[in-house]
Each structure stands twice: as C-alpha cells, then as structure tokens.
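Heads up, the thing below is written out as structure tokens.
The values are calculated or read from the model by the stated rules, or taken from the named source; none is laboratory data. The structure presented is a predicted model; accordingly, all values stated were derived computationally and were not measured. Positions of Cβ are backbone-derived with ideal geometry, glycine not excepted, and every protein chain shown enters the neighbour counts. Keep in mind that these areas ignore ligands, DNA and RNA; they rest on the heavy atoms of the full protein, side chains included. Shrake-Rupley method; radii C 1.70, N 1.55, O 1.52, S 1.80 Å.
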Amino acid sequence: MKYYSLNNKSHKVTFQEALVAGLAPDKGLFFPENITPLPDSFFATIDKLSHEEIAFEAIKQFVGDEIPKTKLKQIITETLCFDFPCVRVEDNVFSLELFHGPTMAFKDVGARFMSRCLAYFNKDKDIKNTVLVATSGDTGGAVASGFLGVQNVEVIILYPSRKVSDIQERQLTTLGQNIKALQVDGVFDDCQDMVKKAFMDESLKHKNLTSANSINIARWLPQMFYIFFAYRELKKYNKPIILSCPSGNFGNICAGILAKKLGLPIAHFVASTNANDTVPRFLEKGNYDPKPSVATISNAMDVGNPSNFIRIQELYNNDLNEFEKDFSSYTFTDSETESTIKDIYKRTKYIAEPHGAVGYLGLKKQMLKNPTFIGVFLETAHPIKFLDIVEPLLNLKLPIPKQIESVLGKEKVSIKIKTYQDFQQYLT
C-alpha cells in the first residue's frame, strides 16, 4: 500500500514512511492510494467473527506486507485488550462506549496500535524517534499510556493551559520515563500549529519527529475498528444505522466514513460539534472558514480547524452533493449539553459525559428525519474524567475507576511555554 500527500498526489510513501513522517514534506496529510471494499461474505458473517478477526480484515490492506501477518495480529490483540459495548439507552438509541481502556478514552485504540507498529519498525534500528502530540483533552493521556516505556521513543505532549480537566492533565503529566508534557499558554489550535511547524523546521530534522495525533495514519486508521464492532452488535436489528460522532479533529467520523467505503453499511453519519462549528457552518454556507477555537465543557472537541476534514473531502472526491447524502453536522451549546446530561439521566439513569451528550443531541436531531432507524452515539470518554461537570449536574458521586486511581495523588510535572520559539528551544 502506498500513501500520497493530499497536497501533492505524486508524493508517495509506504505505510512505514507515512507513520514515521506523520506529515508529508509539503505539510499534507497522507491518504491511502487505494481503498478496496471488503467482500460481501465478510459482512454476511461478521456477527460470527471476533473483534481481532474483524480488525485484521479491516486494516490489513492498509499495512500490506510491511508487517508480517502474525505480528500484525499480535499488535491488534494487544491493542484491543478491552471491551467496546453498545449499551441501549432508549428505544432504537445505543451508546457505543469507548472508554473501557487503560486511560478511559477512545484514543487508547489508535495510540496503542501506533506505538506497537512504531516499536516493530524500530526493533532492529539504533534510531530514536520523537513523537509530538497536541491534545485538547484525551489524546495526551492515551498517547502517554500507549507509548510509556517504548524503547527509543520520546513523547512530547503539548496541551493548552487551564483548558483540560484535572484528571486529563494528571494522565499526561504524572507518568515520567519517556513522557514529557509542555503546558502551552494558548488554545488547542496553538498546540497543533506548533506541532505542524516543527515538522517543517529544518533545524529539527535530527530529532526524527513524528506525530501521534490523528493526522498520523497509524493513529487514524484503527479508529475504524470500533465502528465495525458497533455494526456487528446491531446487525441483528436489521435496520439502517445512523452513527453520531462527537467531533473535534474529525478523526473518528473520518475513520467511520472510511469503513463505509470498505463496505460497512452505515446509512448516515452525524458530526456533532460544540461551539466550534467550522463544519456545520461549511455545510450551511458552502464556505470553509476556520476560526480560533473557543473553550467549552466538551474540551476534547475544542478544535477550530479540524485536520481530518480534508480526508473526508477526499473520500468523497470533493463532491459536496454526494457527501451530503451520507453526512450531516450540527452544533450545540454548553447549556444544551448540560441539560441533555441531566435529561438522559433523569429518564434512563444512563450517565453521559459532555462529549457523549453532544453526540446524543446530534443523533436525536438526525433521527427526527429518520425515526425508524437505529441510532448510535459515541461515548468517547468515561464520565469520571469530567466529574467537576457531571457530579454537580446529577447531584451524585462517581466511583473512581482503577485506571484513574493510579494517577491521583501523583505530582504533575510540566514545562510552561508561550511561543513556537520556546518549543523549538526545548526540542533542541
């Protein structure tokens, strides 16, 4: 499999080269040269397959022969070491819970898969890679956990000061070893811009930089696994499925659309956003006009210029008419999100966190048009990561899961920076 830059299709690289580089030299995201649909027989029997078998069939064409099949299966098994339940919340509405991994966020999947692929490619080399990651919430903790102790890999996480929850901050600042955290005086977009700029900085070539954000194909591609798992669980209902993704950098929903291009029968996708509404405005007005991100209670979605949207456009050959047949996007306020968390709990006793609540809102809005469909919204993180929001709203005390207990009480260690020059100086 070859990957090309979305800025220059003549620039092609292997899976390994795309993983290690993160971004193309022209700043473009890498995209697979070919997408071959899976056979009908795979979907006919998917309910009889294990998670590992499904994931292997979904990802193998994108890795090719660069990782032996037995090793790729081992990587997948180590990645999928936790459950992905579809929980019925109300009639025809299910929550796909993606928070049962080591850091209790969906990004555990991509981070674990990428770290193990990178470790495989480095196993016989005396090369040290520096992994850069910008986080608006959960990415940093997932990458920190996934790469902790990986040989010849240093991880540097940039996060916006005072704009992540206390637990999220602890997950990325307390591990030590090969994990370093930089606290940026700014917003997520500032962190992401610094990472992208570092890739283009000739003075940093010796650092062998790569990214662990969803701009990296090895972080992005495995996010389609749990979309397949959801279909496997809901196939028995024999109804069209709407999938609603709380969307920030648009990696999850982009992976879902890729799954559809592989033949997965998802009827419609909803990108549910908070006040950072670049994509809903694009669909309404036809003008892609990114704006600086604003802080919300669903902080992992506080992205003003979502990187993966260009991949979604490529998946539809930039045909807006075809795109809109499969895709809708809606924006919601913090007050709507808070009301929804309370309403869901009052009616069903299900505890949603802010991102899942935004996903639920978008799903319900789309289901007004498709009332007989099955609806799935993604719960991308455990409510405990937002206890300062959830507990007062629901007037309850959340039990602390063992994954979170391990970071409580540890000292947070980070370095404060303001400018790219500060970042550059740290790296050198």
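Tabulated data
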{"item": "Residue satisfying all of: in the stretch 344-362; among the aliphatic types (A, V, I, L, M) and open to solvent by less than 10 Å² (accessible area, probe 1.4 Å); farthest from residue 248 (Cα to Cα) among these", "result": "344"}
{"item": "Residue match in the stretch 93-107 (condition: under 13 Å from residue 212 (Cα atoms) and open to solvent by less than 10 Å² (accessible area, probe 1.4 Å))", "result": "no"}
{"item": "Where a residue in the stretch 128-141 is open to solvent by 10 Å² or more (accessible area, probe 1.4 Å) and its partner, wherever it lies, is at pLDDT below 85 and in a loop (DSSP other than H, G, I, E, B), with Cβ under 6 Å and at least six apart", "result": "128/152"}
{"item": "Residues of the stretch 319-333 classified as open to solvent by 50 Å² or more (accessible area, probe 1.4 Å), within 23 Å of the chain's Cα centre (by Cα) and either modelled with pLDDT of 95 or more or over 15 Å from residue 269 (Cα atoms) (or both), total", "result": "2"}
{"item": "Within the stretch 193-212, tally of residues that are open to solvent by less than 10 Å² (accessible area, probe 1.4 Å) and not hydroxyl-bearing (Ser, Thr, Tyr)", "result": "4"}
{"item": "Single condition residue 365 does not satisfy, out of (1) of a type in the set (Lys, Arg); (2) surrounded by 15 or more Cβ atoms within 10 Å (Cβ to Cβ); (3) closer than 30 Å to residue 47 by Cβ; (4) modelled with pLDDT under 95", "result": "(4)"}
{"item": "Some residue of the stretch 10-21 being part of a loop (DSSP other than H, G, I, E, B), out of contact with any Phe, Trp or Tyr (no Cβ under 6 Å at 6 or more places or on another chain), open to solvent by less than 70 Å² (accessible area, probe 1.4 Å) and hydroxyl-bearing (Ser, Thr, Tyr)", "result": "no"}
{"item": "Count - residues of the stretch 394-428 that are among the hydroxyl-bearing types (Ser, Thr, Tyr) and either touching a Gly at 6+ places or on another chain (Cβ under 7 Å) or in a loop (DSSP other than H, G, I, E, B) (or both)", "result": "4"}
{"item": "Total residues in the stretch 108-125, condition open to solvent by 10 Å² or more (accessible area, probe 1.4 Å), of a type outside the set (S, T, N, Q), farther than 19 Å from residue 85 by Cβ and touching a residue at least 12 places away in the same chain (Cβ under 8 Å)", "result": "5"}
{"item": "Count of the stretch 268-297 residues which are touching an Asp or Glu at 6+ places or on another chain (Cβ under 8 Å) and open to solvent by less than 40 Å² (accessible area, probe 1.4 Å)", "result": "11"}
{"item": "Any chance residue 302 is of a type outside the set (A, V, I, L, M, F, W, C), open to solvent by 10 Å² or more (accessible area, probe 1.4 Å) and within 25 Å of residue 142 (Cα to Cα)", "result": "yes"}
{"item": "Condition broken by residue 26, with the remaining ones in (1) of a type in the set (D, E, K, R); (2) in contact with a helix residue (DSSP H, G or I) (Cβ under 6 Å, 6 or more places away or on another chain); (3) not in a helix (DSSP H, G or I) satisfied", "result": "(2)"}
{"item": "Flag for residue 326 being over 25 Å from residue 43 (Cβ atoms) and in contact (Cβ under 8 Å) with a residue 24 or more places away in the chain", "result": "no"}
{"item": "Filter result (among the basic types (Lys, Arg) and either in contact with a Pro (Cβ under 7 Å, 6 or more places away or on another chain) or at pLDDT 95 or above (or both)) within the stretch 13-59", "result": "48"}
{"item": "Residue in the stretch 371-381 that is small (Gly, Ala, Ser) and surrounded by fewer than 21 Cβ atoms within 10 Å (Cβ to Cβ) present", "result": "no"}
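Let's see how each residue does on (1) more than 21 Å from the chain's Cα centre (by Cα); (2) of a type outside the set (Ser, Thr, Tyr); (3) over 28 Å from residue 171 (Cα atoms):
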| position | (1), (2), (3) |
| --- | --- |
| 57 | no, yes, yes |
| 74 | yes, yes, no |
| 83 | no, yes, no |
| 88 | yes, yes, yes |
| 97 | no, yes, no |
| 104 | no, yes, no |
| 125 | yes, yes, yes |
| 134 | no, yes, no |
